[in-house]
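Enquirer: Attaching a single structure in structure tokens format; questions to follow.
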Amino acid sequence: MPSLASAHLRLFLLEQVRVPVGLLAGALFPAISMVAFVVPFAGDDPKAATMATGSMMFFGAMAGTLVNLSITVAQDRELPWNPYLRTLPAGPFPRFTGRILAALAVTLVSVVPVLLVAAFLTEATTTPLGLLLGLGALVVGVVPFMLMGLFIGSLMSAKGAIAASQVLFFPMAILGGLLLPPALLPDFVEVVSPYVPTRGVAELLWAVAAGNTPDAVALISLAGWTVVAAIAAAWAYRRDEGRRFR
């Protein structure tokens, strides 16, 4: 089973390398956003710049998981190769494992330009341990968004997945405080923000990288979203399997 998962991982990574436009866009978009919005306004404030770095890291990671995963899973379902794979005795685990690990690899690549911008153009600062913990929090934090991507991709066509993932992506980024610091959010947004999963991940990143005290409500909400997303993804996969293979 591990060898099958590794084979799928190699396949998905090769797909990314052979069509590098999406990989480059996912890596450069958060870094460009960092240069445009963080460097001029918060670059001289060490704590603000560190928090913004965490936010932009997750902004790129969310695009690489929620948006990319939903589209690629939906596209897989439309290919003749996918139904054949689902008739084989190995089950869905190796393919999904390879897909998720490939998404994580793309996520970590997208982090590098943001960290370089933070290091050379801002006063952001953290310890090596803080950086490692931040990367760990990022990996943990993208789990519910991967599950959302699997849910959307298993439920919709590729065109529908593009629209649905984009509709979810930007409102969650805004409501979660990724594009504006929480202190600058309008009052009604601040009320809703702790209940959005993006805010929970941001709170984790701000805690380990900048020493903030995380909002307990946001963390509990993130855990709840993860459970709901896991149930929804499993249901969507079984529904698709029942409709197409019964």
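The values are calculated or read from the model by the stated rules, or taken from the named source; none is laboratory data. This is a predicted model, so every value here is computed, not measured. Quick reminder, even Gly has a Cβ in these numbers, built from the backbone with ideal geometry, and neighbours come from all protein chains shown. We work out accessible area using only protein heavy atoms, side chains counted, and drop any ligands, DNA or RNA first. Shrake-Rupley method; radii C 1.70, N 1.55, O 1.52, S 1.80 Å.
Enquirer: Ranked highest first by the average count of other Cβ atoms within 10 Å around their residues, in what order do 30-40, 3-13 fall? Walk me through the numbers before you get to the answer.
Expert: Numbers: 30-40: 18.4, 3-13: 15.8.
So the peptides 30-40, 3-13, ranked by packing, come out 30-40, 3-13.
Enquirer: Would you work out which of Ala207, Ser33, Leu66 lies farthest towards the positive end of the dipole of the chain, given +1 charges on the beta-carbon of Lys and Arg and -1 on that of Asp and Glu, about the Cα centre?
Expert: Leu66
Enquirer: May I pose another question? Only one of the values (i) 7, 29, 30, 17, 10, 4, 1, 0; (ii) 8, 37, 40, 14, 1, 0; (iii) 8, 31, 34, 19, 7, 1, 0 was calculated from this structure for P(r) over Cα pairs in 10 Å bins from 0, in percent; name its label.
Expert: Here the calculated entry is (iii).
Enquirer: Counting only heavy atoms of the protein chains, get the accessible area per residue of the range 1-243 (1.4 Å probe) and round it to a whole Å² value.
Expert: Values: 11960 Å² over 243 residues.
Roughly 49 Å² per residue, with all protein chains present.
Enquirer: Long-range amide H contacts for Asp45: which residues qualify at under 5 Å (H placed 1.01 Å from N, peptide plane, sequence gap of 5 or more or a different chain)?
Expert: Glu123
Enquirer: Dipole magnitude of the range 1-243 about its Cα centre, charges +1 at Lys/Arg Cβ and -1 at Asp/Glu Cβ only, in debye to the nearest 20?
Expert: Values: 12 positive and 12 negative charges, 195 e Å.
Magnitude of the dipole: close to 940 debye.
Enquirer: Report the calculated FRET efficiency for Phe41 and Ser3 (r = Cβ-Cβ distance, R0 = 45 Å), to the nearest 0.05. Mind showing how you got there, number by number?
Expert: Details: r = 49 Å, r/R0 = 1.10.
E(calc), rounded to 0.05, equals 0.35.
Enquirer: Packing-wise, with mean Cβ within 10 Å as the measure, how do 169-177, 155-163, 203-211 rank, highest first?
Expert: Working: 169-177: 19.0, 155-163: 16.6, 203-211: 22.7.
Answer by packing, highest mean first, reads 203-211, 169-177, 155-163.
Enquirer: Quick one: order Thr107, Thr126, Thr213 from most to least accessible surface, probe 1.4 Å.
Expert: Working: Thr107 5, Thr126 70, Thr213 125 Å².
So the residues, ranked largest to smallest area, are Thr213, Thr126, Thr107.
Enquirer: Compute the FRET efficiency between Val109 and Leu11 as 1/(1 + (r/R0)^6), taking r as their Cβ-Cβ distance and R0 = 22 Å, and round to the nearest 0.05. Mind dumping the intermediate values first?
Expert: On the way: r = 17 Å, r/R0 = 0.79.
E between Val109 and Leu11, to the nearest 0.05, is 0.80.
Enquirer: Ranked from the most accessible area to the least, with a 1.4 Å probe and all protein chains present, what is the order of Phe58, Phe29, Phe188, Phe93? Kindly include the intermediate steps, with their values, before the conclusion.
Expert: On the way: Phe58 0, Phe29 100, Phe188 150, Phe93 125 Å².
Highest to lowest solvent-accessible surface, that is Phe188, Phe93, Phe29, Phe58.
Enquirer: State the percentage of accessible surface on the chain attributable to carbon and sulfur atoms; use a 1.4 Å probe and exclude ligands, DNA and RNA.
Expert: On the way: 9230 of 12350 Å².
Using a 1.4 Å probe with all protein chains present, the chain comes out at 75 percent carbon and sulfur.
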